[in-house]
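Nothing in this text is a laboratory measurement; each read-out follows from the coordinates by a stated rule. All figures in this text were calculated on a predicted structure; none of them were measured in a lab. Every residue, glycine as well, gets a Cβ built from its backbone with ideal geometry; the counts of neighbours run over all protein chains shown.
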Amino acid sequence: MAKIDTAYSLEIKDVIDAIEANELWIEGILKDKRLFKCIDDNCNARITCKNMDTFADKRKVNPHFIMSDRENMHSSTCEINKELEEKRSKKREKKGGRASQYIGKKVCFHIERPKSHRIVEYKIINDEKGNVTNIEEEKKKNRENRKMHNSNYYWLNSLIWYYIDAYKKGTTEQDTVELDFGANKKYTYSLNRLFKRIKNEKEATDRDGYHYVYYGKGTVYLRTDGGYDLVFYEKFFGSGRRVKCIVEKIVLDTCEYGKLNKTNVLKAAIGKERFIYTLSSKNINKKYNTVFLNIKNLDCIAISEIDLDSIGRTEYDED
């Protein structure tokens, strides 16, 4: 069966992908993994988001959509199902032959939460004339855009799963991320440019003030002020300085969404070897002989047990 990329959430009346669904569950917005349907308005096929209601450290497989049951069929007029059938047909035709050229995927990661986004506003929106419009009515006007869905992530943990999936497929050069800093500051990177393994990167570059996802083996320590120190075992290539990210208590206190779950991820990693990811700039402090990775908020931290070096890459095959 061809992969179901997106589904319509009956809880929030919007089209999302499975990783977004997991993020919204973590932040308390979505409650039931079974409340999804086909994105075609003329089809009532029910869909389940498997692994939506699990935390990253408790699963080995990404959240993904599946048909709810074998009796659950698409309608005869469902355009989405027709597209899936065409993909299956093409897949059978090219089996044993040359695969079609892969066109990269794209997601947007918001480093700062926009004032208006799906986690903040669902019930009502205001148009330019000041009229109050039901959000469900507004979504009906955008049905044609559902197939062109752009995923929006707000927690680095979600972006990590996107990266791991691309790494497995060998598509990190084609798949991209748009970093949204707010105030119309947006920059697009391919995944292989955005993600930087610490031990493979030079310590000093002319872009130390830029934000990248620096990652490597390390552990977490609890600070006396209630914050956390993320200490990396790895050092930048050719450097003897240690690498560290300080999560001050004020960063925890100002976290508005999913704070409990995000701090639990840090607590669970205390004293254990993990792969730590930070979306950060870096600052070389010669006095303390340390390279500090500077984050903007708690959303810019992720922790994983998955060692990418141990993952076998698979040849990309379009679903």
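Taking neighbour counts of Cβ atoms within 10 Å as a proxy for exposure, in what order, fewest first, do Cys49, Cys43 appear?
Details: Cys49 27, Cys43 19.
Fewest-to-most Cβ neighbours within 10 Å comes out as Cys43, Cys49.
So between Lys199 and Glu248, what do we pick up on full extension, going 0.36 nm a residue minus the alpha carbon distance?
My answer for the length gained is 15.1 nm.
From the backbone phi of the range 155-165, what are the Karplus-calculated ³J(HN,Hα) couplings (6.51 cos²θ - 1.76 cosθ + 1.60, θ = phi - 60°) in whole Hz, Gly and Pro given as x?
These are the phi-based 3J(HN,Hα) values: 10, 4, 3, 5, 5, 4, 5, 4, 5, 4, 4 Hz.
Pull out the extension gain between Tyr221 and Thr188, defined as 0.36 nm times the separation in residues minus the alpha carbon to alpha carbon distance; nm, one decimal. Each step should come with its number before you reach the end.
On the way: separation 33, 0.36 × 33 = 11.88 nm, distance 3.31 nm.
Computed gain between Tyr221 and Thr188 is 8.6 nm.
Taking +1 at the Cβ of each Lys and Arg and -1 at the Cβ of each Asp and Glu, which of Asn264, Ile250, His211 sits farthest along the dipole of the range 174-319 towards its positive end, judged by Cα position relative to the Cα centre?
In the range 174-319, that residue is Ile250.
Between Met73 and Asp208, what length in nm is gained on full extension when 0.36 nm per residue of separation is reduced by their alpha carbon distance? Each step should come with its number before you reach the end.
Values: separation 135, 0.36 × 135 = 48.60 nm, distance 5.24 nm.
The span from Met73 to Asp208 would gain 43.4 nm if fully extended.
Obtain the nm distance between the two label points defined at Thr54 and Asp32 by a simple spin-label model: each point lies 7 Å from its Cα along the Cα-to-C-beta direction.
Calculated label separation equals 2.2 nm.
Neighbour counts of other C-beta atoms within 10 Å: give me Leu308, Leu35 arranged from fewest to most. Show your work: numbers first, answer last.
On the way: Leu308 15, Leu35 18.
Arranged by neighbour count, lowest to highest, Leu308, Leu35 become Leu308, Leu35.
Give me Met52, Met73 sorted ascending by neighbouring Cβ count inside 10 Å, so fewest comes first. All intermediate terms of the calculation are to be shown ahead of the outcome.
Numbers: Met52 24, Met73 14.
Ordered by Cβ neighbours within 10 Å, fewest first: Met73, Met52.
Could you sort 269-281, 214-226 so that the peptide with the highest average Cβ count within 10 Å comes first and the rest follow in order? Write down the numbers at each step before the final one.
Numbers: 269-281: 18.9, 214-226: 16.8.
Top to bottom by mean Cβ count within 10 Å: 269-281, 214-226.
Report the equivalent ellipsoid semi-axes for the range 253-307 in whole Å, largest first, defined as the square roots of five times the eigenvalues of the gyration tensor built from alpha carbon atoms.
Each semi-axis is √(5λ); the values are 22, 16, 10 Å.
Sort 9-22, 282-295, 170-183 by the packing proxy (mean of other Cβ within 10 Å over each peptide's residues), most packed first.
Values: 9-22: 22.1, 282-295: 15.2, 170-183: 16.8.
So the peptides 9-22, 282-295, 170-183, ranked by packing, come out 9-22, 170-183, 282-295.
Charges only on Cβ, +1 for Lys and Arg, -1 for Asp and Glu: so what's the dipole of the range 190-319 about the Cα centre, in debye to the nearest 20? Mind dumping the intermediate values first?
On the way: 23 positive and 19 negative charges, 163 e Å.
Computed charge dipole of the range 190-319: roughly 780 debye.
Which whole-number percent gives the relative contact order of the range 150-290, counting Cα pairs below 8 Å spaced six or more residues apart?
Working: 205 pairs, mean separation 32.3, N = 141.
Relative contact order of the range 150-290: 23 percent.
For the range 231-285 and the range 194-216, what is the separation of their Cα centres, given in Å?
14 Å
Quick check for you: which residues of the range 227-247 have the amide N under 13 Å from the point 7 Å beyond the Cα of Thr263 toward its beta carbon?
Backbone N within reach: 227-228.
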